[in-house]
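Everything below concerns the one structure shown next.
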Amino acid sequence: MSLIAIRKRSLTVETVFHEGGPPPAVPLKLAAACAVIRNPYAGRYEPDLLPFMAELRSLGTLLAQELVDTLGRDRVEVYSKAAIVGVNGEMEHGAVWHEAGGWAMRAVLGEPKAMVPAAKAVAATGYRLMVPLHHIHASYVRSHYNSMEIGIQDAPRPDEILFALVMGTGGRVHARLGGLSQDKIAVHDGQR
């Protein structure tokens, strides 16, 4: 029997045309793909979470592919992952997403070089989480530090987990604070 039972999914796309300054040549797009699943370990302690983590790779691939289909694989420049665990679960039930969600994004995007940032929480239904974003090939590209809010109004219920992947097509609109530019990325600039 599968450990993954999806109640609902959502796809949110945010398009940024400007931040009070001149419009960029191409608007920034940020997208979050979410899935709300039953928490197979809600209300009890499970010593071995590795089978759950392994099975979640398929969910990660589904969400990552949805984002790539939405944004275009060659346009993705930032990424992240997140989990919100319902109150009958524990933080470790969300931490399984580090490997499963990160692995899936790397596979679908063609092995980007930077670590995948993350956010997670144990929270009540309707909780909103700010998810940090950074460049897919180097963590230290300052213009690409950003965030996107994720959440679903009726999720996660106490015995559920909301898993999310986030991708975007560029850095902040009007980024102008210097630092490493993406055309100067080298191995020591936050690559794994």
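Scanning the range 175-192 for residues that are under 20 Å from VAL16 (Cβ atoms) and within 23 Å of the chain's Cα centre (by Cα) yields a total of 3. Of the residues that sit in the range 85-110 and are closer than 23 Å to LYS29 by Cβ and among the aliphatic types (A, V, I, L, M), which one is nearest to the chain's Cα centre (by Cα)? Applying the filter and picking the extreme gives MET105.
Here's the yes/no breakdown for (1) buried (at least 19 other Cβ atoms within 10 Å of the Cβ); (2) modelled with pLDDT of 95 or more; (3) not small (Gly, Ala, Ser):
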| residue | (1), (2), (3) |
| --- | --- |
| GLY94 | yes, yes, no |
| GLU111 | no, no, yes |
| PRO117 | yes, yes, yes |
| HIS174 | no, no, yes |
| LEU177 | no, no, yes |
| GLY190 | no, no, no |
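As for the range 149-168, it holds no residue that is touching a His at 6+ places or on another chain (Cβ under 8 Å), farther than 20 Å from GLY86 by Cα, modelled with pLDDT of 95 or more and of a type outside the set (Asp, Glu). Restricting attention to the range 120-162, the residues being open to solvent by less than 20 Å² (accessible area, probe 1.4 Å), hydrophobic (A, V, I, L, M, F, W, C) and assigned to a loop (DSSP other than H, G, I, E, B) number 4.
Mind listing whichever residues of the range 79-109 are closer than 15 Å to ALA119 by Cα and of a type in the set (A, V, I, L, M)? Within the range 79-109, ALA82, ALA83, ILE84, VAL85, MET91, ALA95, VAL96, ALA100 meet the criteria.
Applying a threshold of 6 Å to beta carbon distances and a minimum spacing of six or more residues, or different chains, the list of pairs starting in the range 67-88 at a residue that is in a strand (DSSP E or B) and ending at one that is hydroxyl-bearing (Ser, Thr, Tyr) reads ILE84/TYR127.
The values are calculated or read from the model by the stated rules, or taken from the named source; none is laboratory data. The structure presented is a predicted model; accordingly, all values stated were derived computationally and were not measured. Quick reminder, even Gly has a Cβ in these numbers, built from the backbone with ideal geometry, and neighbours come from all protein chains shown. Ligands, DNA and RNA are stripped out before the accessible areas are found, and what is left, the full protein with its side chains, is counted by its heavy atoms. Shrake-Rupley method; radii C 1.70, N 1.55, O 1.52, S 1.80 Å.
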